[in-house]
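Participant: After the structure tokens below, expect a handful of questions from me.
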Amino acid sequence: MSAAASERPILLFDSGIGGLTVLREARVLMPDRRFVYIADDAAFPYGNWEEEELRARLVSLFGALIAEFDPEICMIPCNTASTLALGDLRTAYPETPFVGTVPAIKPAAERTRSGLVSVLATPGTVKRQYTRDLITQWAAKCEVTLIGSVVLAALAEDYMRSGFVDEDAVRAEVAPCFVERDGRRTDIVVLACTHYPFLANRMRKIAPWPVDWLDPAEAIARRALSILPRSDSGEPAPRGPDVARFTSGRTDLVSRRLLQGFGLKV
Ligand code: DGL
């Protein structure tokens, strides 16, 4: 039997504004749903955190968020958080379905022709056992280069707020992704941080040769859609506005304008 879409929101969580790359895909696939966007900017960037501290922070933060918003599902469009704490969150909150985000190593391994794949991520995601296990499981026949960038997520945040980015700084971060070996060249770069697709056009521009930049946003949104109970195609449930919250409690005018541009009320 079909039913109207639930009034319970979908919670999207990231360390900053990177998860907005996934929100825009989620909206296309789930137009009848209400979204709550949480940016843990008080702790940004996640990339350099010690694992135990970040894990504890995430488990406690989600306890509060679930109690406050009663989400139907939680999406974590953040590789750094997902590769660390997805299992802990599922154990701590078994009633709540979680959709995580992990580096798109499997699709990259399926698509590469040269066998040279690079994964561009935060230092946290690069050093995770979870990421190493994905390579062993899905990309054993490829040569995978892991690049952990300390500054790229922050450059993406600045770019979204100011419209400006130092191309030389982006080039320096992206350059190690391009590997040549025995006449073969890297042909896929996995964008394994949700902030990076905001810089994808700049990356394309400065790339020494064309590659496929793998952005998993749509796949994450599809996964969320697949686990939601089906709603009918009739009237959507009555719903309030989509809202955003920054954990620092500080949102300047530029951030508010940015979020409004994404249809979020701060
Ligand atoms: N956007 C996050 C990710 O997908 C992390 C950025 C950060 O906080 O360093 O990994």
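Participant: Can you pull out every residue in the range 14-38 that is outside any helix (DSSP H, G or I), hydrophobic (A, V, I, L, M, F, W, C) and more than 10 Å from the ligand (Cβ to nearest atom)? Full working, then the answer.
Facilitator: Our first condition is that a residue be outside any helix (DSSP H, G or I); within the range 14-38, this holds for 14-19, 30-38.
In the following step, the residues that additionally are hydrophobic (A, V, I, L, M, F, W, C) were identified as 17, 30, 35-36, 38.
Passing the criteria: M30, F35, V36, I38.
Participant: Can you report the number of residues in the range 101-119 which are within 12 Å of the ligand (Cβ to nearest atom) and touching a Leu at 6+ places or on another chain (Cβ under 8 Å)? Outline the logic, then answer.
Facilitator: Taking the range 101-119 first, the residues within 12 Å of the ligand (Cβ to nearest atom) are 101-104, 119.
Those left that are additionally touching a Leu at 6+ places or on another chain (Cβ under 8 Å): 102-104, 119.
Qualifying residue count for the region: 4.
Participant: Same structure, new question: Of the conditions (1) in a strand (DSSP E or B); (2) of a type outside the set (D, E, K, R); (3) within 19 Å of the chain's Cα centre (by Cα), T145 clears all except one; give me its number.
Facilitator: Of (1) in a strand (DSSP E or B); (2) of a type outside the set (D, E, K, R); (3) within 19 Å of the chain's Cα centre (by Cα), only one is false for T145: (3).
Participant: Which is under 19 Å from A244 (Cα atoms), modelled with pLDDT of 95 or more and crowded, with 24+ Cβ neighbours inside 10 Å, of L61, L65, L23?
Facilitator: On the way: L61 fails: crowded, with 24+ Cβ neighbours inside 10 Å; L65 fails: crowded, with 24+ Cβ neighbours inside 10 Å.
Going through L61, L65, L23 in turn, the sole match is L23.
Participant: Might you check whether a residue that is of a type in the set (S, T, N, Q) and either without any contact (Cβ under 8 Å) to a residue 24 or more places away in the chain or over 17 Å from Y196 (Cα atoms) (or both) occurs anywhere in the range 32-51?
Facilitator: The answer is no, given that none of the residues of the range 32-51 is of a type in the set (S, T, N, Q) and either without any contact (Cβ under 8 Å) to a residue 24 or more places away in the chain or over 17 Å from Y196 (Cα atoms) (or both).
Participant: Tell me whether the range 104-124 contains one or more residues that are closer than 25 Å to L225 by Cα, among the basic types (K, R) and in contact with an Asp or Glu (Cβ under 9 Å, 6 or more places away or on another chain).
Facilitator: So far as the range 104-124 goes, yes, one or more of its residues are closer than 25 Å to L225 by Cα, among the basic types (K, R) and in contact with an Asp or Glu (Cβ under 9 Å, 6 or more places away or on another chain).
Participant: Here's another thing I want to ask about it. Contact list please: Cβ distance under 6 Å, first residue in the range 69-88 and under 14 Å from G47 (Cα atoms), second residue among the hydrophobic types (A, V, I, L, M, F, W, C) and assigned to a loop (DSSP other than H, G, I, E, B), pairs at least six apart or on different chains.
Facilitator: Pairs found: N79/A192; N79/C193; S82/I76; S82/V102; T83/V102.
The values are calculated or read from the model by the stated rules, or taken from the named source; none is laboratory data. None of these values were measured; they are calculated from a predicted model. Every residue, glycine as well, gets a Cβ built from its backbone with ideal geometry; the counts of neighbours run over all protein chains shown.
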